[in-house]
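**Student:** Before I ask anything, let me first share the structure, which is written out below as structure tokens.
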Amino acid sequence: MIQFLFNGMPIKVEKCSPNRTTLDWLRTKKGKTGTKEGCATGDCGACTILVGEEVEHSGGKSVWQYKTMNSCLMLLGNVHGKHILTIEAVTTNIHAGLADLHPVQQAMVECHGSQCGFCTPGIIMSLLGLYINHKSYPGKKTVIEALGGNLCRCTGYQPILKAAEKAFEYERIAEPWSAMACRFSQQLIDETNKGKIPHLQDGERAFYIPQSAADVVALKAKHTTATFVAGATDFAIELNQQLRQPQTIISVSQVAEFISFTETASEFQIGAAVPYKEFTESLCQHYPEATELFERLGSMQVRNAGTLGGSLGNASPIGDPAPLLIALNAQMNLQSSQGTRVIDVEDFFIGYRKTSLKENEVISKIIIPKRSESLKLACHKISKRFEDDISTVCLILAVDHRNNVITSARCAFGGMAATPARAHKIEQQLLGGKINATTFIKAGEVVERDFSPLTDVRATADYRLAVSKNLLKRIGIEFSQASIARFSLATTTVPEAPSPISTRIRHASL
Ligand SMILES: Cc1cc2nc3c(=O)[nH]c(=O)nc-3n(C[C@H](O)[C@H](O)[C@H](O)COP(=O)(O)OP(=O)(O)OC[C@H]3O[C@@H](n4cnc5c(N)ncnc54)[C@H](O)[C@@H]3O)c2cc1C
Ligand code: FES
Ligand code: FES
């Protein structure tokens with residue numbers, strides 16, 4: 001049995017297909033059709049809901065945090081222990097003289113933010129998430145980040161952006177839902193203490209939500225063909241589009257060891273099931289060059305659910321995290337009932353969507369070393385659309401140097417081969433070279449010796465090769481400009497360093 005809160009009401013579900021999405025459950029089992037289905041692939045945001053979870057519990061008090069997610073990608077089993085809020089709950093318990101509308105709804109009315117209205121429930125939920133998580137208007141950049149996963153085909157975004165600002169101008173409404181959730185969490189703890197693994201059953205088919213790593217490996221030893229799932233942002237697409245019907249699913253999304261994140265003096269230890277939104281801020285404080293890569297990974301809804309373990313487990317040649325992890329020489333822990341095996345992320349991919357994960361193993365942790373002071377990092381994602389789009393080419397380059405001469409280079413690409421892969425020839429060409437444009441242009445010239453990319457719907461092979469060369473040239477210019485700037489500041493009294501070239505790439509314009 002799983003238990004959760006649905007718009008403040010405690011719910012228990014025992015018999016249910018392991019493949020059922022939350023959107024499907026809402027619309028067909030609960031008759032709550034306010035949440036819409038536009039694409040069933042996480043691309044339109046019409047199905048956006050808020051998912052609350054307890055982030056702290058001490059002395060009988062708990063703190064709940066609400067995040068937007070795509071209900072079309074969220075498997076019902078994964079809502080165990082959580083609080084799901086749908087559009088139907090938004091006007092409940094609201095008393096602020098605003099015609100029973102929540103400020104985000106009232107603002108959408110006043111700013112003319114809706115026409116056909118199909119996208120509107122999802123947009124309201126994204127705006128509600130923004131409203132709950134910010135006490136005052138957080139600025140346009142944050143609003144765009146919150147709405148990046150919501151498509152509207154007829155209103156145009158300007159009125160919606162205006163509504164996002166206006167909602168904060170009305171008298172503020174207290175968020176009523178976490179108080180309900182606090183009462184529920186106490187009941188849930190009591191139930192969990194009975195020592196059963198929460199699960200859904202449908203005849204022979206089952207969905208398990210183990211809470212410990214020991215339970216995960218024990219379940220996998222028993223159900224050898226079981227499929228793992230974490231945030232399901234990749235997996236649910238296989239269910240929705242390819243109608244995959246696995247017999248047994250083991251969700252790792254609530255395993256205590258897999259959802260922990262630790263930063264030590266020398267490394268980041270990221271549990272395989274920690275959603276992107278939970279660790280990227282800390283990681284990008286240390287590696288600011290990776291900020292844009294993560295900001296452009298899917299949408300807010302996708303980043304609130306998707307995980308590193310899922311990205312590596314999916315083994316897509318165009319997943320963005322793998323080239324970064326390879327360039328930074330990250331390692332991963334693979335756990336089984338026999339113990340834990342540690343391998344370099346680079347060695348994990350052995351063929352198109354094939355990995356070295358054994359049948360009884362699960363990815364438990366990813367370890368990213370911290371940088372040396374002299375490390376230079378460049379991260380570039382080329383995609384057809386800036387927000388919420390998969391890479392055509394992703395290039396990550398990490399070089400170390402002494403006295404401006406390159407002493408080590410790790411260069412990894414996505415989108416250039418059947419797997420995310422290192423460019424060994426480019427690396428060799430860079431070694432011993434000076435950090436200037438010429439070195440990197442020459443390195444770009446050997447890209448054909450590393451890769452023979454495919455032509456597909458995203459780009460031709462020629463385009464991929466040309467864009468890779470141009471990116472290396474760009475990196476050479478940027479790295480050498482940064483060195484000149486640093487040298488000038490250290491040795492002269494020049495008041496301002498030369499402005500660096502913008503690191504933002506809009507569309508595939510190179
Ligand atoms: C709209 C949309 C946009 C996207 N945009 C991007 C993008 O810009 N860049 C990008 O890189 N990706 C993108 N993705 C893909 C996806 O979000 C990521 O790959 C994400 O990291 C997958 O994580 P997850 O937890 O959701 O994986 P899941 O879907 O839960 O799992 C994916 C696969 O990994 C396996 N798996 C999961 N956890 C483990 C584990 N611990 N051990 C072993 N196997 C495991 C599962 O069996 C499954 O085969 C996008 C997806 C969507 C829907
Ligand atoms: S239905 Fe389009 S994102 Fe879910
Ligand atoms: S109002 Fe019609 S799609 Fe947004």
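Quick note: the coordinates plus some simple rules give every number you see, no bench work behind them. Just so it is clear, the structure is predicted and the values come from calculations on it, not from any experiment. Methodologically, a virtual Cβ is constructed for each residue, glycine included, from the backbone with ideal geometry; neighbour enumeration extends over all protein chains shown.
**Student:** Please give the calculated 222 nm ellipticity per residue for the chain, where each DSSP H segment of at least 4 residues contributes -39500 (n - 2.57) and the sum is spread over every residue; nearest 500 deg cm²/dmol?
**Tutor:** Counting only the DSSP helices, I get -9000 deg cm²/dmol.
**Student:** Oh, and also: Using the Kirkwood radius over Cα pairs, work out the Stokes-Einstein diffusion coefficient for segment 378-491 at 25 °C and 0.890 mPa s, in µm²/s as a whole number.
**Tutor:** The diffusion coefficient I find is 169 µm²/s.
**Student:** Could the peptides 21-28, 299-306 be put in order, highest first, of the mean number of other beta-carbon atoms found within 10 Å of their residues?
**Tutor:** 299-306, 21-28
**Student:** Right, here's the next one. Report the label-to-label distance for SER266 and LYS434 in nanometres (one decimal), using points 7 Å from each Cα along the Cα→Cβ vector.
**Tutor:** Taking the two extended label points, one gets 3.6 nm.
**Student:** Same structure, new question: Which trypsin sites (Lys or Arg not before Pro) does segment 130-164 hold that lie in a coil by DSSP with at most 15 other beta carbons within 10 Å?
**Tutor:** In loop regions of segment 130-164 (DSSP not H, G, I, E or B), the sparsely surrounded trypsin sites (Lys or Arg not before Pro) are LYS135, ARG153.
**Student:** So what is the relative contact order for the chain, in percent, with contacts set as C-alpha pairs under 8 Å and at least six apart?
**Tutor:** Relative contact order comes out at 11 percent.
**Student:** Which FRET efficiency value, to the nearest 0.05, is calculated for ALA461 and GLU171 with the Förster distance at 56 angstrom and r the Cβ-Cβ distance?
**Tutor:** Between ALA461 and GLU171 the formula returns 0.45.
**Student:** A further question on this structure: For segment 378-491, what is the charge dipole size about the Cα centre, in debye to the nearest 20, if Lys and Arg each add +1 at the Cβ and Asp and Glu each add -1 at the Cβ?
**Tutor:** Here the size comes out at about 260 debye.
**Student:** Next question, about the same structure. Place a +1 charge on the Cβ of each Lys and Arg in segment 1-126 and a -1 charge on the Cβ of each Asp and Glu, then give the dipole magnitude about the Cα centre in debye, rounded to the nearest 20.
**Tutor:** Here the size comes out at about 400 debye.
**Student:** Further, regarding this structure: Magnitude of the Cβ-charge dipole of the chain, K/R +1 and D/E -1, about the Cα centre, nearest 20 debye?
**Tutor:** Around 560 debye, computed over the chain.
**Student:** On to the next question. Which of the peptides 214-227, 461-474 is most tightly packed, and how do the rest follow, going by the mean number of other Cβ atoms within 10 Å of each residue?
**Tutor:** 461-474, 214-227
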